[in-house]
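The values are calculated or read from the model by the stated rules, or taken from the named source; none is laboratory data. These numbers were taken from a predicted model, which means no experiment stands behind them. Cβ: placed from backbone, ideal geometry, glycine included. Neighbour counts: every protein chain shown. Just so you know, the surface numbers come from the protein's heavy atoms only, side chains and all, with ligands and any DNA or RNA stripped out. Shrake-Rupley method; radii C 1.70, N 1.55, O 1.52, S 1.80 Å.
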Amino acid sequence: MKNALLVLCILFSTTLFAQEEWGDVKKNVVTLKEIPPVWPGCEEGSAAKRDACFNNMLAQHIAKNFKYPPQAYKKNEQGRVVVKFIINEKGLVEIKDVSGGTAALQEEAKRNIMAMPKMSKPGMMGGKPRAIKFTVPITFKTGK
């Protein structure tokens, strides 16, 4: 009897914690949370820690892979380029829209985002893989 009660308590507590991660049910209304993709190396910790790690790794990736197009630099082309992309159900990046700046700056921003690694886990919603939308602004300044 004690073993059955123990198993029941463990089962109930794990399902309760799992529901908090992906959604909630209150008064017959189901609320699903969108869980962002997991960047390789950010698998540990709570959802908030994984999300913060994702944002940090994305910023590091953009800074590390940033290359000002030489011709654009010589012409003193500057501007803010906004890249809209998704990380699909397989954890891969797909560019949806690039706007702002010149064509050379847009190509560099697109190249930088496309160089992102495959995510270790795709985004989820309701326990199923889902494409998650992102918008990233990249500012190009020559400093001249």
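Restricting I62, I86, I95 to those that are farther than 21 Å from T142 by Cβ and in contact with a helix residue (DSSP H, G or I) (Cβ under 9 Å, 6 or more places away or on another chain) reduces the list to I95. Can you find, within the stretch 3-61, the residue that is modelled with the lowest pLDDT among those that are open to solvent by 80 Å² or more (accessible area, probe 1.4 Å) and charged (D, E, K, R)? Among those that are open to solvent by 80 Å² or more (accessible area, probe 1.4 Å) and charged (D, E, K, R), it is E20.
Residues are listed down the side, and each one gets a yes or a no for (1) open to solvent by 30 Å² or more (accessible area, probe 1.4 Å); (2) under 20 Å from the mean Cα position of the chain (by Cα); (3) modelled with pLDDT under 95:
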residue: N76; (1), (2), (3): yes, no, yes
residue: F85; (1), (2), (3): no, yes, no
residue: K96; (1), (2), (3): yes, yes, no
residue: K110; (1), (2), (3): yes, yes, no
residue: S120; (1), (2), (3): yes, yes, yes
residue: T135; (1), (2), (3): yes, yes, no
residue: T139; (1), (2), (3): yes, yes, yes
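For the stretch 83-120, filtered to residues that are free of Cβ contacts under 8 Å to residues at least 24 places away in the same chain and of a type in the set (A, V, I, L, M), the residue that is nearest to Q60 (Cα to Cα) is M114.
Looking only at residues of the stretch 32-79 that are free of Cβ contacts under 8 Å to residues at least 24 places away in the same chain and of a type in the set (S, T, N, Q), we find that the one that is nearest to K90 (Cα to Cα) is N55.
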